[in-house]
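J.: I have a structure I would like to understand better, so I am pasting it below and will then ask my questions one at a time.
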Amino acid sequence: QVQLVESGGGLVQAGGSLRLSCAASGRTFSSYTMGWFRQPPGKEREFVAGINRSGGNTYYADSVKGRFTISRDKNTVSLQMNSLKPEDTAVYYCAAARWDGTYYYTSAYDYWGQGTQVTVSS
């Protein structure tokens, strides 16, 4: 089992940057596929970015491709967000899937953090 805690959210102006971090506890963190999702106000949770166990494969939602970068190290997965837009405003969640692969759906992930708020003002 793994516990996930997100940090780094906040208020930023359009065009600005934020870096989200997700700290993971548990000895088997390196065996999980990791992902970032977000839930805008009044909408369903949606996929943002994912990274496989080794970190060698990353994939993104079309809406953030070229602006966001996911990365991982020993016990942390990060999301660097550049050129932020008001439509990026959401609660951002870190998630872990027990199997290695490419996963875009919430149902594929087994563990979730509590979320961190990102607000982009115009």
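The values are calculated or read from the model by the stated rules, or taken from the named source; none is laboratory data. Bear in mind the structure is a predicted one, so any value in this text is a computation, not a measurement. Every residue, glycine as well, gets a Cβ built from its backbone with ideal geometry; the counts of neighbours run over all protein chains shown. The area values use the complete protein model at the heavy-atom level, side chains included, leaving out ligands, DNA and RNA. Shrake-Rupley method; radii C 1.70, N 1.55, O 1.52, S 1.80 Å.
J.: If you take every DSSP beta bridge fully contained in the chain, what fraction is antiparallel? Give it as a percent rounded to 5. Can you show the working numbers first?
T.: Details: 36 of 40 bridges.
For the chain, the DSSP antiparallel bridge percentage is about 90.
J.: Let me ask something else. From the phi angles alone, apply the Karplus equation (6.51, -1.76, 1.60; θ = phi - 60°) to region 90-103 and give each ³J(HN,Hα) in whole Hz, x where the residue is Gly or Pro.
T.: Rounded to whole hertz, the list is 4, 8, 9, 10, 9, 9, 10, 10, 6, 10, 6, x, 10, 10.
J.: Continuing with the same structure: Over the chain, what is the mean sequence separation of C-alpha contacts under 8 Å (at least six apart), divided by residue count, expressed as relative contact order in percent?
T.: Numbers: 310 pairs, mean separation 43.8, N = 122.
The value is 36 percent.
J.: In addition: Can you give the FRET efficiency to the nearest 0.05 for Ser21 and Ser122, using r as the Cβ-Cβ distance and R₀ = 30 Å? Write down the numbers at each step before the final one.
T.: Values: r = 26 Å, r/R0 = 0.86.
E(calc), rounded to 0.05, equals 0.70.
J.: Taking all protein chains in place and a 1.4 Å probe, what share, in percent, of the accessible surface of the chain do carbon and sulfur account for?
T.: Values: 2890 of 6150 Å².
Carbon with sulfur: 47 percent of the solvent-accessible area.
J.: Which residues does a label at Asp73 reach in region 42-61, if reach means a backbone N under 20 Å from a point 7 Å past the Cα toward the Cβ?
T.: From region 42-61, the list is 50-58.
J.: Run the reach check for Lys85 against lysines, Cα to Cα strictly under 21 Å, same-chain hits fewer than 8 apart removed. What comes back?
T.: Lys43, Lys65
J.: For region 31-77 and region 1-22, what is the centre-to-centre distance using only Cα atoms, to the nearest Å?
T.: One Cα centre to the other: 12 Å.
J.: Right, next: Would you mind counting up the charge near Gly55? Only other residues with Cβ under 15 Å from its Cβ, with Lys and Arg at +1 and Asp and Glu at -1. The partial results should precede the final answer.
T.: Values: positive: Arg53, Arg72, Lys74; negative: Asp73, Asp100.
Neighbour charge sum, excluding Gly55 itself: +1.
J.: While we're on this one: For the chain, with every protein chain kept in place, what is the accessible area per residue (1.4 Å probe, Å²)?
T.: Counting only protein heavy atoms, the per-residue value for the chain is 50 Å².
J.: What number comes out for the charge environment of Ser21, summing +1 per Lys or Arg and -1 per Asp or Glu over other residues with Cβ under 13 Å away? Please list the in-between numbers first.
T.: Working: positive: Arg19, Arg72, Lys74; negative: Glu6, Asp73.
Charge balance in the 13 Å sphere: +1.
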